[in-house]
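One structure below.
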Amino acid sequence: MAVPSCADREKCKGELIRCGRAADIFWYPIIAFVLLGIISDAANITLGLESMTWFLLAIVVGLASIGPLIHWAVAWYLNTNK
């Protein structure tokens, strides 16, 4: 992803909203994977995958959310510092 340009403030605001939504969407599967891992481990059953696999999926999705979060932070910085 390219760094948003501060020359066009409206484009920078659009990047801020889009990246913020993308980062927020990543939280739903993270919470679902963690809950499935906890339930699977507490009940000592396999819910499709082993409990450790659910936790690892949550970690992978969390790491994947770093990109939109950094992009959001840069867009926010460029939007507020003019």
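The values are calculated or read from the model by the stated rules, or taken from the named source; none is laboratory data. Remember, predicted model here, so these are calculated numbers, not experimental data. Please note: Cβ atoms are built from the backbone with ideal geometry, for glycine as well, and neighbour counts cover all protein chains shown.
State the number of residues belonging to region 7-55 that are farther than 14 Å from residue 71 by Cβ and either within 15 Å of the chain's Cα centre (by Cα) or modelled with pLDDT under 80 (or both). Don't jump to the end; show me each part of the working.
Going through region 7-55, the residues farther than 14 Å from residue 71 by Cβ turn out to be 7-10, 27-55.
Now drop any that are not either within 15 Å of the chain's Cα centre (by Cα) or modelled with pLDDT under 80 (or both), which leaves 7-10, 27-34.
So the answer is 12.
Summed over region 36-58, residues that are out of contact with any strand residue (DSSP E or B) (no Cβ under 6 Å at 6 or more places or on another chain) and surrounded by 13 or more Cβ atoms within 10 Å (Cβ to Cβ) total 14. Cβ separations smaller than 6 Å between residues 6+ apart or across chains give the following pairs from region 9-27 residues that are in contact (Cβ under 8 Å) with a residue 60 or more places away in the chain and under 9 Å from residue 75 (Cα atoms) to residues that are of a type in the set (A, V, I, L, M) and part of a helix (DSSP H, G or I): 12/75; 12/78; 15/75; 16/75.
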